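Just below is one structure, and these are the notes that go with it.
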Amino acid sequence: MKFFVDTAEIAEIAELNDLGMVDGVTTNPSLIMKSGRDILEVTKEICDLIDGPVSAEVVAVEADDMIAEGRKLAKIAENITVKVPLTWAGLKACKVLSGEGNMVNVTLCFSANQALIAAKAGATFISPFIGRLDDINIDGMDLIADIRTIYDNYDFGTEILAASIRSVNHMSDAALLGADVATAPPNVIKKLAEHPLTDKGLAAFLSDWKKTGQKIL
Ligand code: G3P
């Protein structure tokens, strides 16, 4: 499973990228707002920093305006993925922008039918929002499983990008179900390394080592 980082914070992306943990980056209007940065400037910096796809989201609601915004965002760098919402206008924009050779991430997906129609419109990535489904007491992972089945049934090339990931369990469940990509905030990616038995075991090893009186260096 590829790891995308869901943030527009350059320092956090750089730290994870140095460890080889970043296959791509996703941003959205809320994350740009949180960063306090200009969308064009910060997106360019991210694209310069990493090799993989960097999702930048349109904010227009009409298809023609989305297409114009998407074309402008796509000019930032070769690794831009234009992100459009899963509306009828967004699907029209997806069809045009992907037809022009751009990567397109169709976002705010909450149903298998939405994922099916996005694949038909030529989406490079579909972004089902797991956490926001969990928020309303619907198991977001069921949606990942359904989309996996549908895409495999018909050999759709659209990649499943599990989004709105809030926990380490979301990451492992998405991987078990065969999501192609998971995009997660940096803190969730860092937590993947944690286990209380690792901490306990290390403390015991270090305590015993101290008793030997030895040094390696
Ligand atoms: O990738 C989409 C993500 O940013 C949304 O996450 O936690 O706001 O639902 P969340």
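Calculated mean residue ellipticity at 222 nm for the chain: -15000 deg cm²/dmol, from DSSP H runs with n ≥ 4 weighted as -39500 (n - 2.57), summed, divided by the residue count and rounded to 500. Based on Cα contacts under 8 Å between residues 6+ apart, the chain shows a relative contact order of 17 percent.
Please work out the FRET efficiency for the pair W88 and R132, using the Cβ-Cβ distance as r and a Förster radius of 30 Å; give the result to the nearest 0.05.
0.90
If each Cα of the chain is one equal point scatterer, what is log10 of I(q)/I(0) from the Debye formula at q = 0.17, 0.18 Å⁻¹? For the chain, the Cα-only Debye profile gives -1.15, -1.28. Distance from the alpha carbon centroid of the range 195-213 to that of the range 159-188 works out to 32 angstrom. Between 0 and 90 degrees, the angle of helix 140-153 with respect to the longest Cα principal axis of the chain falls at about 60 degrees.
Helix 39-49 versus the longest principal axis of the chain: what is the Cα-based angle in degrees, 0 to 90, to the nearest 10? So the inclination is approximately 50 degrees. The C-alpha atoms of the chain define a longest principal axis, and helix 196-212 lies at about 30 degrees to it.
Values quoted throughout were computed directly from the atomic coordinates according to the rules given, and no laboratory measurement underlies them. Everything numeric in this text was worked out from a predicted model, so none of it was measured. Note: ideal-geometry Cβ built from the backbone for every residue, glycine included; neighbour counts use all protein chains shown.
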